[in-house]
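The values are calculated or read from the model by the stated rules, or taken from the named source; none is laboratory data. Keep in mind that what you see is a predicted model, and the values were worked out from it rather than measured. A quick note on method: Cβ atoms are made from the backbone with ideal geometry, for glycine too, and the neighbour counts reach across all protein chains shown.
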Amino acid sequence: MLLAPPALAEGLPDLGDSSAADLSPQMERRIGESIVRDIRLHDASYVDDAEIQGYLNDLGGRLAANTPGPHQDFEFFAVRDPTLNAFALPGGYIGVHTGLLLAAQSESELAAVLSHEIAHVEQHHIARMVGKQGQANLTSLAALVVAILAAGSNAQVAQAALATGTAVNMQTQLNYTREFEREADRIGMQILESSGYEVQGMASFFVRLQQFGRLYENNAPAYLRTHPLTTERIADMENRAAARSQRQVPDSLGFQLVRAKLRSEQGMPADAITDFEAQLREKKYASEVAAHYGLARAQLRAKNYTVAAREVAALRRLNASSPMIETLAAEVQAASGDISAALNTYREARPRFPQDRALIYGAIDAQLLAGRADEARQAAAAELRTFPSDAHLWSLQAKAYAALGKRLLQHRSQAEVYALQGQLRAAIEQLQIAQKAGDADFYEQSAVDARLRELQRRQLEEDKKK
């Protein structure tokens with residue numbers, strides 16, 4: 001589960017007057033950014049996978065576009081945890097456990113859970129929980145958030161987190177209130193319906209959760225621990241679903257491929273291979289394309305490159321169209337030693353899926369692997385004009401400059417990686433190294449000097465707030 005580092009409370013922004021009834025949306029966003037930044041940097045369970053992130057943000061973005069209130073920015077991310085859970089952080093950040101992705105029996109069920117979490121964010125429930133108790137100070141808010149995250153799978157961590165806070169009754173804050181849950185149910189179902197998903201997906205998911213909780217009372221699904229579920233809530237969801245027109249919505253290929261990718265990464269590669277081979281042999285699969293994809297990924301993981309290539313060929317015969325399949329094909333070719341073929345696959349796929357981050361990253365990686373560092377540099381620079389806040393692109397650009405022997409520009413690019421991650425001191429150190437590189441012209445040197453002064457000012461401002 002998510003274990004927040006000791007520096008979490010120090011990294012949160014100054015909350016100002018603790019007597020304020022609620023946190024402002026701007027403050028919520030800053031708090032959420034601080035927490036997610038620490039999760040990315042320090043939590044090994046954070047899933048740093050462009051394809052999984054891309055799918056969750058595509059699905060979440062479709063749902064968020066149909067919220068009844070003023071629209072706000074959302075960011076969705078995955079956490080590698082087998083428990084069934086999802087959680088909302090202040091400011092529009094929503095985490096999804098891989099266990100939930102695998103347990104959902106349809107995309108509408110997954111969309112139902114995300115809609116519910118979006119509703120919590122839209123209604124500012126965490127901020128209202130803090131405001132009601134008058135606990136809007138740095139330490140207690142950090143304790144509350146850590147406790148909400150930790151409670152999903154580790155009660156001892158939750159208790160320890162609570163003990164570090166100043167709030168007397170923080171234990172009662174671990175769960176959303178029934179009023180908040182009913183509100184999130186109602187608004188979540190509106191979002192689900194407006195987005196074109198099956199509204200019965202919400203009720204069916206929570207019914208299964210309730211049944212599972214009864215079977216395993218001492219190990220209830222993590223979602224039930226932070227989202228109290230009652231018979232009345234389920235009955236209300238079922239009644240709301242029954243009052244709406246019923247529809248059958250097929251799962252997207254992305255939903256099936258992401259689940260197959262996660263399954264291919266579980267346990268030993270041989271076990272995943274056996275599982276997918278059995279699915280294909282017995283024709284027991286929700287998607288034949290996803291079964292071949294999962295088998296190809298498992299074979300790639302096992303370094304059985306010839307067999308993996310055979311499964312990619314099977315995918316080609318099925319005429320499936322997805323950037324995930326193109327990335328897989330290129331990865332198999334590169335792993336087999338055919339870098340030229342991998343570069344061709346990326347080159348042909350990019351115009352069809354121009355915004356896909358995994359294809360972008362993979363193509364630049366392949367260029368670096370092929371010794372085409374200047375092409376990689378140019379490609380990274382071109383993408384950074386569109387995605388200037390993409391830390392991974394800055395990292396790839398740093399690698400390209402390193403391969404070209406351009407030390408100032410390498411360290412300048414790496415400084416941007418650290419700055420985007422909130423590691424200002426590390427960014428400043430990189431810029432100081434860049435200053436001493438001695439391999440750049442006056443304009444490049446001046447740019448480094450200016451950026452260094454800017455980050456030093458920011459660091460000074462942050463130090464004053466602590």
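Mind checking whether some residue in region 102-113 is at pLDDT 55 or above and touching a strand residue (DSSP E or B) at 6+ places or on another chain (Cβ under 7 Å)?
Yes, because at least one residue in region 102-113 is at pLDDT 55 or above and touching a strand residue (DSSP E or B) at 6+ places or on another chain (Cβ under 7 Å).
In the set 155, 184, 151, 203, which member is buried (at least 22 other Cβ atoms within 10 Å of the Cβ), at pLDDT below 50 and not hydroxyl-bearing (Ser, Thr, Tyr)?
Among 155, 184, 151, 203, only 151 is buried (at least 22 other Cβ atoms within 10 Å of the Cβ), at pLDDT below 50 and not hydroxyl-bearing (Ser, Thr, Tyr).
Applying the selection to region 388-404, what residues are surrounded by fewer than 18 Cβ atoms within 10 Å (Cβ to Cβ), assigned to a loop (DSSP other than H, G, I, E, B) and in contact (Cβ under 8 Å) with a residue 24 or more places away in the chain?
Within region 388-404, just 389 meets the criteria.
To keep it simple, each residue is scored yes or no on (1) at pLDDT below 95; (2) exposed (fewer than 14 other Cβ atoms within 10 Å of the Cβ); (3) touching a Ser or Thr at 6+ places or on another chain (Cβ under 9 Å); (4) among the aromatic types (Phe, Trp, Tyr).
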{"residue": "407", "(1), (2), (3), (4)": "no, no, no, no"}
{"residue": "415", "(1), (2), (3), (4)": "no, no, no, no"}
{"residue": "422", "(1), (2), (3), (4)": "yes, no, yes, no"}
{"residue": "425", "(1), (2), (3), (4)": "no, yes, no, no"}
{"residue": "444", "(1), (2), (3), (4)": "no, no, no, no"}
{"residue": "453", "(1), (2), (3), (4)": "no, yes, no, no"}
{"residue": "465", "(1), (2), (3), (4)": "yes, yes, no, no"}
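Which number in (1) surrounded by fewer than 21 Cβ atoms within 10 Å (Cβ to Cβ); (2) part of a helix (DSSP H, G or I) marks the one condition that residue 285 misses?
Answer for residue 285: the failing condition is (2).
Table: residues versus (1) buried (at least 18 other Cβ atoms within 10 Å of the Cβ); (2) touching a Lys or Arg at 6+ places or on another chain (Cβ under 9 Å).
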position: 318; (1), (2): no, no
position: 332; (1), (2): yes, no
position: 347; (1), (2): no, no
position: 351; (1), (2): no, no
position: 365; (1), (2): yes, yes
position: 368; (1), (2): yes, yes
position: 374; (1), (2): no, no
position: 381; (1), (2): no, no
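Check whether at least one residue in region 308-328 is among the aliphatic types (A, V, I, L, M), at negative phi, in a loop (DSSP other than H, G, I, E, B) and touching a residue at least 40 places away in the same chain (Cβ under 8 Å), and report yes or no.
yes
Identify, please: which residue in region 351-365 is within 9 Å of residue 326 (Cβ to Cβ) and part of a loop (DSSP other than H, G, I, E, B) and is, among those, farthest from the chain's Cα centre (by Cα)?
Ranking the qualifying residues of region 351-365, first place goes to 352.
Among the residues of region 290-304, write down those that are surrounded by fewer than 21 Cβ atoms within 10 Å (Cβ to Cβ) and closer than 18 Å to residue 320 by Cα.
Hits for region 290-304: nothing passes.
Among the residues that make up region 122-134, is at least one of them at pLDDT below 70, buried (at least 24 other Cβ atoms within 10 Å of the Cβ), in contact with a helix residue (DSSP H, G or I) (Cβ under 9 Å, 6 or more places away or on another chain) and within 26 Å of residue 186 (Cβ to Cβ)?
yes
Show the residue pairs meeting these rules: Cβ distance below 7 Å; 6+ apart or different chains; first residue within region 234-245 and closer than 12 Å to residue 193 by Cβ; second residue at pLDDT 75 or above and small (Gly, Ala, Ser).
Close Cβ pairs satisfying both conditions: 241/203.
Report the residue count in region 217-249 for those that are surrounded by 10 or more Cβ atoms within 10 Å (Cβ to Cβ), modelled with pLDDT of 75 or more and assigned to a loop (DSSP other than H, G, I, E, B).
2
Looking at 266, 256, which is the one that is under 26 Å from residue 53 (Cβ atoms), among the polar types (S, T, N, Q), touching a residue at least 12 places away in the same chain (Cβ under 8 Å) and surrounded by 13 or more Cβ atoms within 10 Å (Cβ to Cβ)?
That would be 256, the only listed residue that is under 26 Å from residue 53 (Cβ atoms), among the polar types (S, T, N, Q), touching a residue at least 12 places away in the same chain (Cβ under 8 Å) and surrounded by 13 or more Cβ atoms within 10 Å (Cβ to Cβ).
Considering only region 46-80, state which residues are surrounded by fewer than 22 Cβ atoms within 10 Å (Cβ to Cβ) and among the small types (Gly, Ala, Ser).
50, 54, 61, 65, 69 - these are the residues of region 46-80 that are surrounded by fewer than 22 Cβ atoms within 10 Å (Cβ to Cβ) and among the small types (Gly, Ala, Ser).
How do the pairs read when you match residues in region 272-289 that are within 14 Å of residue 314 (Cβ to Cβ) with residues anywhere that are of a type in the set (Ser, Thr, Tyr), using Cβ under 6 Å and keeping only pairs 6 or more apart or on different chains?
Close Cβ pairs satisfying both conditions: 279/285.
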